[in-house]
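A quick write-up on the structure given underneath.
Values quoted throughout were computed directly from the atomic coordinates according to the rules given, and no laboratory measurement underlies them. If you're wondering where the values come from, they're calculated on a predicted model, not measured in any experiment. Quick reminder, even Gly has a Cβ in these numbers, built from the backbone with ideal geometry, and neighbours come from all protein chains shown.
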Amino acid sequence: MILRPFAASVLLLAVTVCAAPGTPSPEDANPTRVSIGEQVRLPYHQSATVAGTPYAIRFENVVEDSRCAPDVQCVWAGRVRIELALSGGAEPARDTLALEAAASTGARSASYGDVVVRFVDYEPAPAPSGKVREPGDAVAVLAVERRSGQ
C-alpha cells in the first residue's frame, strides 16, 4: 500500500522539524510572564517573557552542579552554573550564571538591553552522595530588574 511509506515520511519530517534547534518546544507555547522587580521560578527548558519589554529568558542548560552532598563533609560547598538564552533584543545572547554557597567567583547576573537577570536560587537541593540529579528536575529562581540608570 502506497500510503504507509508516505505516512511514515510525513511523520519523520514532522519529528525532524519539531526537533530542529531554535524551534520553540511545546513547553514554551505559553511562557511564564515576569515583571521588572519580580522573581520568577523558571523550570529547565522553559521560558519567561519580561512584561513591558521585548525580552524573553530561557533556562537552557545546567552547566555544572558541584554542590556538596548533604550526607558528606566537603572542603568546598560547590556551585551551580546554568546557561540562559536571552532574546528579543538586537542580538540573541547566551550567558552562564553561577550560584555559590561561599563567595562568588562566577557571574551571578547578566545584562540584556535595559534588563538585568540575577540568579537567586536553585532547586532541588543537592543530591545525596552517589546520586545524580537530572537536569529536567531543575528550577532556576531568577530576579529580573531594570539596569540602573535606565
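Tabulated data
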read-out: Sequence-distant residues sharing a close amide H with Val115 (under 5 Å, placed H); value: Arg147
read-out: Built amide H within the under 5 Å cut-off of Arg108, gap 5+; value: Ala98
read-out: Surrounding net charge for Arg67, when Lys and Arg each add one and Asp and Glu each subtract one, Cβ distance under 10 Å; value: -1
read-out: Net charge of Cβ neighbours under 10 Å - reference Thr96; Lys, Arg +1; Asp, Glu -1; value: -2
read-out: Nonlocal amide H pairs with Ile36, under 5 Å, H built at 1.01 Å; value: Ala51
read-out: Length-normalised contact order of region 28-146 in % [C-alpha pairs under 8 Å, at least 6 apart]; value: 27 percent
read-out: Residue-wise HN-Hα coupling along region 113-130, computed from phi with Karplus coefficients 6.51, -1.76, 1.60 (Hz; x: Gly, Pro); value: x, 9, 10, 10, 10, 10, 7, 9, 7, 8, 10, x, 4, x, 6, x, 4, x
